[in-house]
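Here the structure is laid out as structure tokens; the discussion comes afterwards.
The values are calculated or read from the model by the stated rules, or taken from the named source; none is laboratory data. Computed from a prediction, not measured in an experiment: that's the story for all the values here. So basically every Cβ, Gly included, is an ideal-geometry build from the backbone, and we count neighbours across all protein chains shown. Calculation scope for accessible area: heavy atoms of the full protein, side chains included, ligands and nucleic acids excluded. Shrake-Rupley method; radii C 1.70, N 1.55, O 1.52, S 1.80 Å.
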Amino acid sequence: MFHDLEIKSVSKDREALTLEFVIPWGQVWNPAVLEYQIKVELSGCSNLQCEYFLFKDDEASKLKPLALRETEKRTTNAPQTMGKLGLEVQSYTYSRPVTYVLHCNSSKEIAGGELTLTATDYQIFDCNDESLTLDQLKQWATECWGRIQEMWDGQKNKNNTNSNPVQP
């Protein structure tokens, strides 16, 4: 469920961490909502760090395909910097009792990164600051993947129909 969530902003006040995400599921809603945002407020965030990999900017590196470009490892504890990296959560790792690592890729000059944080509790809000549950997010994700599967099945059926023309 926590896949392709684009981090739009990160803010921290003492041990309160707020992450704002664009979720991908709105793209398949009717009507579609391309930039639907949710907000996750975490409490007990005594640790926040982001390690990311910046593509080297030298001419030799720029000539290589993106996957082969060299990177420089960077680390930041600044929430504002984290929010500007264009990171997209692809998966996460949970380590008891309170540590989470968000594994990310990026669509900008960043090759990817990891956001490590601690949290003891959470609240989730929609774009209107209405409370959301994990069950609601799970339902949205399930509906989204169901619609994507329908699209793939439709394309597969179309391709099978085109490759097996009916003989007169």
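The table below gives the values:
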quantity	calculated
Set Leu115, Leu85, Leu42, Leu19: member being in contact (Cβ under 8 Å) with a residue 12 or more places away in the chain, open to solvent by less than 40 Å² (accessible area, probe 1.4 Å), over 20 Å from Thr133 (Cβ atoms) and assigned to a strand (DSSP E or B)	Leu115
Qualifying residue in region 19-42 (condition: more than 29 Å from Ile148 (Cβ to Cβ), touching a Gly at 6+ places or on another chain (Cβ under 9 Å) and not acidic (Asp, Glu))	no
Looking only at region 54-66, and only at residues there that are under 28 Å from Ser9 (Cα atoms) and open to solvent by less than 80 Å² (accessible area, probe 1.4 Å), the one that is modelled with the highest pLDDT	Leu54
